[in-house]
Amino acid sequence: MSGLGKTFGGLNAVDDVSFAVESGQIVALIGPNGAGKTTTFNLLTGFLRPDRGSVHLGGEDITGRAPHTLAAKGMVRSFQTAKMFPTMTVVEIVTTAGLLHAPPARARKRAREVLERLEMSAKADTSAQELSLPDRQMVELAKCLATEPKLVLLDEIMGGLNRAECDVPMRAIEQMRDSGITFLLVEHVMPIVMSLADKLVVLDFGRKAAEGTPREIADNPEVQRSYLGQAM
Ligand SMILES: Nc1ncnc2c1ncn2[C@@H]1O[C@H](COP(=O)(O)OP(=O)(O)OP(=O)(O)O)[C@@H](O)[C@H]1O
Ligand SMILES: [Mg+2]
């Protein structure tokens, strides 16, 4: 993304943000509440049209393209506030996501596999309205993985999990990265971000405050002052 910007009223929610997500990497976008992380996701995935700047995917200009067009190209996202059809079961929801690229029988099989990998099989036949918030976030992740994606954007899917519960999604994300899938993720839990990400981008008041390896960011005095001090 290059020079990406979005203004709400007088507020520059995302202000001249440029960075690259290299293929096969896990990149984490961090920053305080209201820094513009979710808005950046909305701009990248076509849920909001940027006022300024551009987004390229594999060399193609995709600025402002519709979410379903981008999903078909392999770019999918989770939602910080997961909304799902309340009466559908977990496996039905994940199967529906898989229909993007697969006929029903294969989508159903893939949904079961993804749920197995996320240790969610026991909840496959639970309806969405009965799920806890952390489980809803795991369904968000499962939906993304079921689409056979190339690039996955995850918005705080581990927010409600304790450290031990994070192991399963973390391992799944690492395995998928190792198989060539690219991730851009927003997470507030610093030990998770630090161990998962190949690169970190720090947003503050809509602007890019820093970019670097986990070590470089942890050692950056300005980041420590503005963000890490409060999060660690
Ligand atoms: N649709 C909107 N209309 C008006 N203001 C908005 C809208 N969406 C976001 N904002 C504002 O833009 C700023 C950035 O919000 P955003 O949700 O991107 O932050 P965030 O970094 O994801 O925060 P959090 O960590 O709390 O999820 C905030 O001040 C927010 O209130
Ligand atoms: Mg957010």
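Okay, here's what the table says:
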| item | result |
| --- | --- |
| Segment residue 56-residue 18, extension gain: residue separation times 0.36 nm, minus the distance between their alpha carbons | 12.6 nm |
| Of 158, 138, 190, the one that fluctuates the most in a GNM where the chain has Cα springs shorter than 10 Å | 190 |
| Alpha-carbon centroids, the range 185-210 and the range 33-106: separation in whole Å | 20 Å |
| Above-threshold pairs, the threshold being 19 Å between Cα atoms, out of 83/150; 83/109; 37/208; 6/37; 143/208; 37/123 | 83/150; 83/109; 143/208; 37/123 |
| Mean ellipticity per residue at 222 nm, deg cm²/dmol - from DSSP H runs of n ≥ 4 across the chain, formula -39500 (n - 2.57) | -9500 deg cm²/dmol |
| Helix axis angle, 167-178 relative to the chain longest principal axis, alpha carbon, degrees | 80 degrees |
| Using alpha-carbon coordinates, inclination of helix 104-117 to the longest axis of the chain, degrees | 60 degrees |
| Charge dipole of the chain about the Cα centre (unit charges at C-beta), most positive-ward option of 192, 68, 206 | 68 |
| About the Cα centre, charge dipole magnitude for the chain (Lys/Arg +1, Asp/Glu -1 at Cβ), debye | 560 debye |
| Selection from 149, 91, 139, by position along the positive dipole direction of the range 81-149 (Cβ) | 149 |
| Length gained when the stretch residue 66-residue 8 is fully extended (0.36 nm per residue, less Cα-Cα span) | 18.9 nm |
| Net charge dipole size for the range 179-232 [Lys, Arg +1 and Asp, Glu -1 on Cβ; Debye, nearest 20] | 80 debye |
| Percent of C-alpha pairs per 10 Å bin, the range 1-43, short to long | 25, 56, 17, 2 |
| Normalised contact order of the chain, rounded percent, pairs of Cα under 8 Å and 6 or more residues apart | 28 percent |
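No lab work stands behind these numbers, since they all come straight from the coordinates. Because the structure is predicted, anything quoted here is derived from the model rather than measured. Because the Cβ atoms are built from the backbone with ideal geometry, glycine has one as well, and the counts that use them run over all protein chains shown.
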